[in-house]
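One structure is given below, encoded as structure tokens.
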Amino acid sequence: MDGAFLPGYNRFPMNDFPRVAVSGPAGTVSMVWNDTRYHPLGDILLQSFTLGSLAPVQTTPVVVNPAADASNFLPALRVANSKGKLDVSWYSRTDANSAVTGVTAVIGVNPRTTATPGADTTITSATSDWDNDSSDIVPNFGDYTDNALVTTATAPYVGSTLYVAWSDGRLGLPQPFEAHVAG
């Protein structure tokens, strides 16, 4: 993504660091990141490794964004759920010539999958047009999105509600937002 320009985002190049999560039940450590190997504006890729040996689970990284959106960036991955599945969220745009941005997720991804998940979930209740928002902060929309599962008092200490946090400008200035999805 070093060469990609994202309309409305005021930092170049964009910081899009890999995110990592461990799944005890699946016996994996997995990472997600934004990658342009399949199309110039990026997909969210998943690569998992076997705990203990760090041998790759997949022969090639798996695209986790099932929709052929124009742009997918700044993924979030924090912790596996109690069944060892992963929830991945990210910013997405459906038009390469637009700065209209939403947040999308795939819920319950098997870290050992070799296929793109069949469906995604829209997290945002409204999109944000990053070209029509005013901010003098750099970067104007932050360097990441984030997600986490609600914690429980007993093992495995993760519940089934996914909380997603991001920044968008639906109110005219970039503001933090949160949404949650019951699993």
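Got a number for residues in the stretch 159-183 being in a strand (DSSP E or B) and either within 19 Å of the chain's Cα centre (by Cα) or closer than 18 Å to V100 by Cα (or both)? Matching residues across the stretch 159-183 total 17. Taking (1) in contact with an Asp or Glu (Cβ under 7 Å, 6 or more places away or on another chain); (2) more than 12 Å from D168 (Cα to Cα); (3) surrounded by fewer than 20 Cβ atoms within 10 Å (Cβ to Cβ) in turn, V100 satisfies each apart from (2).
Looking at P61, is it more than 23 Å from L162 (Cα to Cα) and touching a Lys or Arg at 6+ places or on another chain (Cβ under 9 Å)? Break it down into steps so the answer makes sense when it comes.
Working: more than 23 Å from L162 (Cα to Cα): yes; touching a Lys or Arg at 6+ places or on another chain (Cβ under 9 Å): yes.
So P61 fits the description; yes.
Residues of the stretch 55-76 that are in a loop (DSSP other than H, G, I, E, B) and closer than 22 Å to I123 by Cα: V64, N65, P66, A67, A68, D69, A70.
From the list T121, T127, T94, T114, the one residue that fits, being on the phi < 0 side of the Ramachandran plot, of a type in the set (V, I, T) and either modelled with pLDDT under 85 or surrounded by 18 or more Cβ atoms within 10 Å (Cβ to Cβ) (or both), is T127.
The sole residue among T121, T127, T116, T154 that is farther than 30 Å from V29 by Cα and hydroxyl-bearing (S, T, Y) is T127.
The values are calculated or read from the model by the stated rules, or taken from the named source; none is laboratory data. Please read all numbers here as calculations on a predicted model, not as lab measurements. Virtual Cβ from ideal backbone geometry, glycine too; neighbours counted across all protein chains shown.
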